[in-house]
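So the structure is just underneath, and the comments pick up after that.
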Amino acid sequence: MSKPVKDLIVAEYRKRFEGVAGAVLIEVRGMNASANNSMRLKLRKNSVRVTVVKNALARRAFAQTPLESLSAGLVGSTAVVYGAESVIEVARDLVKIATANDKLELKGACMEGEWYAGKAGVEKLSKFPTRVEAQSQLITLVLSPARKVMGCVKSPESRIMGIVKEIESRLEKGETISAAS
């Protein structure tokens with residue numbers, strides 16, 4: 001391949017992966033065509049794209065970008081899986097697909113410049129909370145003490161209301177109420 005063609009491919013990779021902060025590397029070499037197509041269709045429903053890359057050219061394109069750490073996994077037949085809201089969602093989808101299809105090899109992933117090597121790294125990444133999930137967990141933690149305080153404030157009030165209702169029902173029945181000792 002001539003140098004101008006290589007430069008065009010590198011420019012295309014830079015354009016395609018512009019703004020992508022995380023991705024997962026997979027190898028689909030052993031998968032048959034129907035399994036590969038069904039995997040791509042499942043991923044496409046979640047706005048996830050799969051791009052088979054030439055390793056040396058991808059290394060050049062990813063240099064000095066958030067995807068630079070992917071260089072560690074660019075060996076052999078490689079496809080870059082990216083898109084969706086976060087790379088965590090991509091990793092979750094791929095882990096589900098890989099359990100159903102043993103031919104799909106998870107090579108690793110990167111998120112915000114950090115490399116997660118191999119299948120174990122992708123599985124670890126898939127267990128992280130997404131940004132939305134982390135925000136909701138944080139809000140729950142912040143509001144939890146206030147809920148407990150409100151529960152303590154309301155509980156004596158509910159006991160008093162229970163006593164008042166009991167007195168009211170006894171008086172309606174005509175019973176006498178004796179003083180508590």
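The values are calculated or read from the model by the stated rules, or taken from the named source; none is laboratory data. Since the model is a prediction, treat every value here as computed from it, not as a measurement. Here the Cβ is made from the backbone with ideal geometry for all residues, glycine too, and neighbour counts use every protein chain on show.
The combined condition, being modelled with pLDDT of 80 or more, outside the structural domain of Lys107 (by TED's automatic domain parsing), surrounded by 11 or more Cβ atoms within 10 Å (Cβ to Cβ) and among the aliphatic types (A, V, I, L, M), is fulfilled by Ile167.
Let me confirm something: among Val5, Val50, which residue is of a type outside the set (D, E, K, R) and crowded, with 16+ Cβ neighbours inside 10 Å? Even if it seems obvious, please write down each step before you answer.
On the way: Val5 fails: crowded, with 16+ Cβ neighbours inside 10 Å.
Exactly one residue qualifies, and that residue is Val50.
Among the residues of region 101-117, just one is more than 24 Å from Gly19 (Cα to Cα) and without any contact (Cβ under 8 Å) to a residue 40 or more places away in the chain, namely Asp102. Only a single item in (1) under 15 Å from Leu25 (Cβ atoms); (2) without any contact (Cβ under 8 Å) to a residue 12 or more places away in the chain; (3) hydroxyl-bearing (Ser, Thr, Tyr) is not met by Ser126, and it is number (2). Examine region 79-100 for a residue that is more than 18 Å from Gly19 (Cβ to Cβ) and in contact with a Cys (Cβ under 9 Å, 6 or more places away or on another chain), and state whether such a residue exists. So far as region 79-100 goes, no, none of its residues is more than 18 Å from Gly19 (Cβ to Cβ) and in contact with a Cys (Cβ under 9 Å, 6 or more places away or on another chain).
Name the residues in region 70-107 that are among the polar types (S, T, N, Q) and either surrounded by fewer than 18 Cβ atoms within 10 Å (Cβ to Cβ) or closer than 9 Å to Val24 by Cβ (or both), would you? Selection gives Ser71, Ser77, Thr99, Asn101.
Listed here are the residues, each with its yes/no results for (1) surrounded by 18 or more Cβ atoms within 10 Å (Cβ to Cβ); (2) at pLDDT below 85; (3) assigned by TED's automatic domain parsing to the domain that holds Asp102; (4) among the basic types (Lys, Arg).
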residue	(1), (2), (3), (4)
Ala11	no, no, yes, no
Ala23	yes, no, yes, no
Ala33	no, no, yes, no
Ser38	no, no, yes, no
Arg44	no, no, yes, yes
Asn55	no, no, yes, no
Ala58	yes, no, yes, no
Ala61	yes, no, yes, no
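Checked against the criterion of being closer than 21 Å to Val10 by Cβ and of a type in the set (Asp, Glu), the candidates Glu123, Glu85, Glu68, Glu89 yield just one match: Glu68. All conditions but one from (1) modelled with pLDDT under 75; (2) exposed (fewer than 10 other Cβ atoms within 10 Å of the Cβ) apply to Met150; the one that does not is (2).
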